[in-house]
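S.K.: Pasting a structure here, questions to come.
Please treat every number below as a calculation from the coordinates, not as lab data. Just so you know, these numbers come straight off a predicted model, no measurement behind them. Cβ atoms come from the backbone with ideal geometry, glycine included; neighbour counts cover every protein chain shown.
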Amino acid sequence: MKIILSPNSGFCFGVKRAVDKVYKAIDTRDDIYTLGPIIHNPQVVGDLADKGVNILKNIDDIEDGTVVIRSHGIGHTEYENLKFKNLDLIDATCPYVKRIHKIVQKHWNMGYDIIVIGEADHPEVMGINGWCNNESHVIYSANDIENLPNIDRACVVAQTTILQSKWDDLVAKLHTNIKDLKVFNTRCNATHIRQEAAKQLAAKVDIMIVIGGKNSSNTHKLYQLCKERCENTFAIESAKDINKNMLDAGEIVGVTAGASTPIWLIEEVVETMES
Ligand code: F3S
């Protein structure tokens with residue numbers, strides 16, 4: 001069996017930066033909380049829990065300690081609440097997501113409607129929405145555009161992980177409906193590069209393995225893209241999910257991993273398949 005690892009698999013810059021910040025904090029602080037799971041990866045979250053890092057569901061639930069804001073970012077009001085409580089803050093919001101917050105806040109203040117192309121219930125999108133008074137229009141399909149109210153001028157941004165094809169399609173449709181449309185393609189390049197590499201690999205292997213958390217949106221999109229090109233594509237969370245049947249379909253196996261999959265977990269999967 002030949003195993004080929006797709007380039008740019010696993011942790012992206014923003015996720016690595018966030019996870020590193022938490023591990024660094026463990027060395028110097030007690031009472032560390034992450035505002036939601038730091039990444040969509042149960043193995044990493046479990047390791048941090050073993051080291052005493054707690055997951056905070058609600059800012060109201062603590063009065064002191066260190067709070068880490070994850071790479072997805074948070075809304076303006078949540079920032080204000082954290083500052084008001086005088087908590088020790090570690091801001092691990094990905095700089096690319098921060099840029100979206102600034103674009104949204106600026107255009108909202110200038111009187112533009114805000115349109116976010118993304119998943120309404122994704123924490124990144126909820127955070128973005130928090131920079132325009134939670135009044136953005138979140139769309140994910142052409143149908144959503146038909147349900148928009150009449151808008152004279154709008155600023156449109158993207159959830160960092162959405163597919164280029166979805167962005168192109170929906171922005172083209174928005175142009176026909178809205179006269180003054182300011183377009184900021186805020187898709188993340190790391191995602192694009194990972195997706196392109198995975199697509200190319202999936203097209204030439206017999207079996208494709210996509211590693212990542214079940215709740216990871218970017219892993220799910222990677223799976224979809226690979227499945228379109230390789231019928232024998234399987235999504236797994238860790239080496240434990242590998243079974244012999246998966247590897248029956250051929251000799252050449254491609255491996256890719258979502259942005260929240262650490263390198264040690266990818267190595268474990270490759271070693272398990274090899275053995
Ligand atoms: Fe940031 Fe892109 Fe990763 S937005 S968190 S570097 S996928």
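S.K.: Limiting things to C-alpha atoms, what are the Rg and the maximum Cα-Cα separation (Dmax) for region 178-218, in angstroms?
M.R.: Both quantities, over Cα of region 178-218: 15.3, 47 Å.
S.K.: About its Cα centre, how strong a charge dipole does the chain have in debye, to the nearest 20, once Lys and Arg get +1 and Asp and Glu get -1 at the Cβ?
M.R.: With only Lys, Arg, Asp and Glu charged at Cβ, the dipole is about 880 debye.
S.K.: Moving on. So what is the diffusion coefficient of region 156-275 in µm² per second by Stokes-Einstein at 25 °C and 0.890 mPa s, using a Kirkwood Rh over Cα pairs?
M.R.: The calculation lands on 158 µm²/s.
S.K.: For region 67-128, would you read off the P(r) tail past 19 Å as a percentage of all alpha carbon pairs?
M.R.: 32
S.K.: Based on the alpha-carbon gyration tensor of region 93-158 and its eigenvalue square roots a ≥ b ≥ c, which shape applies: rounded if a/c is under 1.5, prolate if not and a/b is larger than b/c, or oblate? Provide the component values of the computation, followed by the final result.
M.R.: Numbers: a/c = 2.13, a/b = 1.24, b/c = 1.71.
Since a/c reaches 1.5 but b/c is at least a/b, the shape of region 93-158 is classed as oblate.
S.K.: With an 8 Å cut-off on Cα pairs and a minimum separation of 6 or more residues, tell me the relative contact order of the chain in percent.
M.R.: Rounded, it is 22 percent for the chain.
S.K.: Arrange 93, 261 by Cβ neighbour counts within 10 Å, fewest through most, would you?
M.R.: The order, fewest Cβ neighbours first, is 93, 261.
S.K.: Mind listing the long-range amide H neighbours of residue 11? Cut-off is under 5 Å, sequence gap 5 or more, other chains count too, H placed in the peptide plane at 1.01 Å from N.
M.R.: The answer is 261, 263.
S.K.: Another question, if that's okay. Net charge within 11 Å of residue 25 by Cβ-Cβ distance, Lys/Arg positive one each and Asp/Glu negative one each, not counting residue 25 itself?
M.R.: -1
S.K.: Sticking with this structure for a sec: I want the local charge near residue 70. Using Cβ-Cβ distances under 14 Å, sum +1 for each Lys or Arg and -1 for each Asp or Glu among the other residues.
M.R.: +1
S.K.: How many percent of Cα pairs in the chain exceed 26 Å?
M.R.: For the chain, the fraction of Cα-Cα distances above 26 Å is 48 percent.
S.K.: Next question. Out of every Cα pair in region 24-105, what percent are spaced more than 16 Å from each other?
M.R.: That tail contains 51 percent of the Cα-Cα pairs.
S.K.: List the trypsin sites (Lys or Arg not before Pro) within region 41-89 that DSSP assigns to loop and that have no more than 13 neighbouring Cβ atoms inside 10 Å.
M.R.: For trypsin sites (Lys or Arg not before Pro) across region 41-89 that sit outside H, G, I, E and B with at most 13 neighbouring Cβ atoms in 10 Å, the list reads 51, 57.
S.K.: Loop sites only, by DSSP: take the GluC sites (Glu not before Pro) in the chain that have at most 15 other C-beta atoms within 10 Å and name the longest stretch containing none of them.
M.R.: Here the longest segment lacking exposed loop sites spans 136-230.
S.K.: Relative contact order of region 11-144: what whole-number percent is it, with Cα pairs under 8 angstrom and at least 6 residues apart? Don't jump to the answer; show the numbers that get you there.
M.R.: Values: 196 pairs, mean separation 29.9, N = 134.
With pairs under 8 Å counted, the relative contact order is 22 percent.
S.K.: Cβ under 13 Å from residue 141's Cβ, residue 141 left aside: what net charge do those residues give with Lys, Arg +1 and Asp, Glu -1?
M.R.: Numbers: positive: 166, 173; negative: 119, 144, 146, 169.
Around residue 141, the charge tally is -2.
S.K.: OK, next. Could you check the simple spin-label distance between residue 64 and residue 150, using points 7 Å along Cα→Cβ, in nm with one decimal?
M.R.: Roughly 5.7 nm, to one decimal.
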